[in-house]
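Chemist: Supplied in structure tokens, the structure appears directly below.
The values are calculated or read from the model by the stated rules, or taken from the named source; none is laboratory data. Nothing here was measured: the structure is a model prediction, and the numbers come from that model. As a convention, Cβ positions derive from the backbone with ideal geometry for all residues, glycine included, and neighbour counts pool all protein chains shown.
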Amino acid sequence: MGKVTAGFSMSLDGFVANANDGVDEVFRWYFSGTADHEVGTGDTTFTMNAEGAELIEAGGKAAGVLVSARRTFDLANAWGGRHPMNVPVVVVTHEAPAEWVDREGSPFTFVTDGVPSAIATAQRIAGDGAVVVGAPSVVKQCLELGLLDEIHIDLVPVVLGGGIRLFDALPEPVEMEVVEASGNPRVTHLTYRIVKR
């Protein structure tokens, strides 16, 4: 069974999106280098430095399934039917969208009985691959429940002043250990292991 992990680009003040759900400011580093890097479906090209390209590529290869929230799924318009990572997606929701439930070839599995069930479902689908949590609300619940093993932050030198926080209103401290740190003037790459007691 693979790790349960998460990865986000984040502003210095802890936001992964602005108040309008925009991510241009925190994703700017994806387009600030000289190494062309194609991801997922091949319909997006990121121009980043070699180090960033290697991190994105390694994360994509390790991913077995993505866990998302219904809000993210809706905001992304179901990624047009295929997530850029090109992996199965487990969506945590109160009600599965009827238009996707029985659609042939759909990469989406909808889980309506909570985050622990969604993570267990994702682990079954992923096998030895990593379960990648891709929504702030689900990351928070995974941290509270002790389900997250690792988190990767691409810390971008910008202060948004408001928006969607990654770590918001956790009921108690969560201890982490740095396992990797690198970067350049446009982004600092940080990987943390969650300390489980």
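Chemist: Select the helices (runs of 4 or more DSSP H) contained entirely in the range 68-173, then report the ones holding at least 3 residues which are touching a residue at least 12 places away in the same chain (Cβ under 8 Å).
Modeler: The helices (runs of 4 or more DSSP H) meeting that bar are 70-75, 115-126, 136-145.
Chemist: Still on this structure: Here is a check on your reading of the model: is His189 closer than 11 Å to Ala6 by Cα, of a type outside the set (Val, Ile, Thr), assigned to a strand (DSSP E or B) and touching a Ser or Thr at 6+ places or on another chain (Cβ under 8 Å)?
Modeler: no
Chemist: Within the range 174-185, track down each residue that is loosely packed, with under 14 Cβ neighbours inside 10 Å and touching a residue at least 60 places away in the same chain (Cβ under 8 Å).
Modeler: Listed by number, the list holds a single entry, Ser182.
Chemist: Starting from the range 7-26, take each residue that is at positive phi and in contact (Cβ under 8 Å) with a residue 60 or more places away in the chain and list its partners that are assigned to a strand (DSSP E or B) and of a type in the set (Val, Ile, Thr), counting only C-beta distances under 9 angstrom and pairs at least six apart or across chains.
Modeler: Hits for this filter: Asp21/Ile164.
Chemist: Let me ask something else. Of all residues in the range 174-186, which are assigned to a strand (DSSP E or B), of a type outside the set (A, V, I, L, M) and either farther than 23 Å from Phe31 by Cα or within 18 Å of the chain's Cα centre (by Cα) (or both)?
Modeler: Glu177, Glu180
Chemist: For the structure I just gave you, tell me whether Asp154 is among the acidic types (Asp, Glu) and over 21 Å from Leu190 (Cα atoms).
Modeler: no
Chemist: Would you say Arg70 is touching an Asp or Glu at 6+ places or on another chain (Cβ under 9 Å) and surrounded by 15 or more Cβ atoms within 10 Å (Cβ to Cβ)?
Modeler: yes
Chemist: Report, by residue number, each residue of the range 30-67 that is modelled with pLDDT of 70 or more, in contact with a helix residue (DSSP H, G or I) (Cβ under 7 Å, 6 or more places away or on another chain) and either crowded, with 18+ Cβ neighbours inside 10 Å or under 17 Å from Phe8 (Cβ atoms) (or both).
Modeler: Answer for the range 30-67, where residues must be modelled with pLDDT of 70 or more, in contact with a helix residue (DSSP H, G or I) (Cβ under 7 Å, 6 or more places away or on another chain) and either crowded, with 18+ Cβ neighbours inside 10 Å or under 17 Å from Phe8 (Cβ atoms) (or both): Gly33, Gly64, Val65, Val67.
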